[in-house]
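None of the figures in this text is laboratory data; all of them are computed from the coordinates on show. Given the structure is predicted, the values throughout are model-derived calculations rather than measurements. Here the Cβ positions follow ideal geometry from the backbone for every residue, glycine too, while neighbour counts run over all protein chains shown.
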Ligand code: T3D
């Protein structure tokens, strides 16, 4: 792995693998890593060759949130405007991830703390090594859950667990996270990358347009009443029904063979 890149980016078989790469800081975010991660998701949005994203971390951690070395008050100067850092760095990346109409798989290879935990939870399918932990570390330093955490936690877990995790900063094991429905699956450490890679590869070989529309629908559901959602399903199905991948799926079924989706 190239140690000079804050996010290592590798496209293979339609999967764009983005590896957070500051292992000596448990992949905590500094400005170059923020910009590189955002650039990775922009590429995923703009490059038709990208049909799925796999996000993971280098070394023993997934991501420890903001680099607190960059926030040391003893360095002097005015206190940073953290609202501005969210607006400049975290929020655009979270919006890109949510709006990306391609699946994002997250392989949480180790501890995920603060914004690192919430970046993981913002992915579409999250697998975590059994040794990984999720920590809403913000309460320990007087901050609030950001990177979409307050929104995602409340929706995924409901208020009782979301509040308890955010107010106590208690670590949650991968197995508990899976049991609570916070993530898709806890996987033995030595099997994590193979399983996450195979999942991302299978999604990248899928009907990209239909998968993207499916992501849009599921995300819209919580904010819609049934009538609105039925209308949205109608519109998305109309679009999916005009895709070459739908035609291929039906022909492959009738011919009793595996479909070869092209992502359009
Ligand atoms: O500022 C803004 O822009 C607003 C946005 C804020 C978003 C946020 O994410 S705020 C929350 C920031 N994150 C944290 O508060 C977590 C801090 N880290 C920890 O609590 C622990 O490191 C962990 C629980 C994540 C892991 O613990 P452990 O015991 O496995 O590892 P460790 O020994 O604490 O860390 C290993 C090294 O990584 C260590 O460096 P060293 O001593 O080997 O030179 C440690 O200082 C460094 N490290 C870990 N987290 C951070 C970090 N360095 C800078 N920033 C970090 N967040």
Here the FRET efficiency for residue 163 versus residue 48, based on Cβ atoms and R0 = 41 Å and rounded to 0.05, is 0.45
So for R0 = 22 Å, FRET eff. of residue 11-residue 264 from the Cβ-Cβ r, to 0.05, ends up at 0.80
Place a point 7 Å from the Cα of residue 237 in the direction of its beta carbon; the residues of segment 207-231 whose amide N falls under 11 Å from it are 230-231
At q = 0.16, 0.19, 0.20 Å⁻¹, the log10 of I(q)/I(0) for segment 157-264 from a Debye sum over equal Cα scatterers comes to -0.97, -1.06, -1.07
Under the helix-only model (-39500 (n - 2.57) for each DSSP H run of 4 or more, divided by the residues of the chain), the mean residue ellipticity at 222 nm, to 500 deg cm²/dmol, is -13000 deg cm²/dmol
Computed over segment 64-134, the convex hull of the Cα set has an average projected area, in nm², of 5.5
Helix 159-168: inclination vs the chain longest Cα principal axis, degrees, rounded to 10, gives 30
To the nearest 10 degrees, the tilt of helix 192-204 (Cα long axis) against the first principal axis of the alpha carbons of the chain is 40
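Would you mind putting 115-128, 88-101, 204-217 in packing order, based on average other-beta-carbon counts within 10 Å, highest first?
Highest mean packing first, the order is 115-128, 204-217, 88-101.
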log10 I(q)/I(0) for segment 84-125, Debye formula on C-alpha points only (no solvent), q = 0.25 Å⁻¹, two decimals, reads -0.91
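Per residue, what volume in Å³ does the convex hull of the Cα atoms of segment 7-204 enclose?
Convex hull volume per residue, Cα atoms: 107 Å³.
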Rounded to one decimal in nm, the spacing of the 7 Å Cα→Cβ label points at residue 79 and residue 250 is 6.2
Ordering 105-112, 61-68 by per-residue average of other C-beta atoms within 10 angstrom, highest first, gives 105-112, 61-68
Computed from the beta carbon distance with a Förster radius of 30 Å, FRET efficiency for residue 87 and residue 139 to the nearest 0.05 stands at 0.85
Longest principal axis of the chain (C-alpha) makes with the long axis of helix 208-221 (C-alpha) an angle, in degrees to the nearest 10, of 60
Rounded to the angstrom and largest first, Cα extents along the principal axes for segment 208-255 equal 39, 17, 14
Taking a crude spin-label model, label points 7 Å out from Cα along the C-beta direction, the residue 229 to residue 185 distance in nm is 2.5
